[in-house]
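The values are calculated or read from the model by the stated rules, or taken from the named source; none is laboratory data. Given the structure is predicted, the values throughout are model-derived calculations rather than measurements. Because the Cβ atoms are built from the backbone with ideal geometry, glycine has one as well, and the counts that use them run over all protein chains shown. Side chains are part of the model used for accessible areas, which takes the heavy atoms of the whole protein and leaves out ligands, DNA and RNA. Shrake-Rupley method; radii C 1.70, N 1.55, O 1.52, S 1.80 Å.
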Amino acid sequence: MAKKMSNKKKKIQIFIDPYGNTINVWWGNPKDSFISEEADDSWDVIAFNKKRVPIGFEKIGFFPDELDPMRYVKNPMKLLKSGELPVGIKLGVDKKSRS
């Protein structure tokens with residue numbers, strides 16, 4: 001018997017790390033991450049909760065070499081601490097948790 005689908009809208013969180021050249025996508029709560037495993041035939045990582053249900057993934061090598069945003073940044077650590085890209089796009093960083 002198929003499960004009844006809920007009409008609740010799910011929140012998807014996307015975090016882009018230009019310094020590490022990764023993107024993280026979460027359709028579950030990142031705090032519920034219990035174990036991570038490499039995906040088959042790639043360096044990508046799938047995050048699971050305690051029930052072994054996938055709740056997110058990390059794509060490594062997200063930016064192609066031609067679009068690597070970090071080569072345009074003079075001070076990468078200052079950028080990471082600010083939580084902003086040079087064009088003003090917000091990264092997935094909570095400024096309160098970086099104290």
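I'm checking my understanding of the structure. Among residues of the range 53-63 that are open to solvent by less than 60 Å² (accessible area, probe 1.4 Å) and assigned to a loop (DSSP other than H, G, I, E, B), which one is modelled with the lowest pLDDT?
My answer is Phe63.
Yes/no per residue for (1) open to solvent by 80 Å² or more (accessible area, probe 1.4 Å); (2) modelled with pLDDT of 85 or more; (3) in contact with a strand residue (DSSP E or B) (Cβ under 8 Å, 6 or more places away or on another chain):
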residue	(1), (2), (3)
Ala2	yes, no, no
Phe15	no, yes, yes
Asn49	no, yes, yes
Pro69	no, no, no
Ser82	no, no, no
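Could you tell me how many of the residues in the range 15-52 are touching a residue at least 24 places away in the same chain (Cβ under 8 Å) and part of a strand (DSSP E or B)?
Here the count works out to 8.
Run Ser97 past the list (1) modelled with pLDDT of 65 or more; (2) in a helix (DSSP H, G or I) and report the number of the one that doesn't hold.
All conditions are met except number (1).
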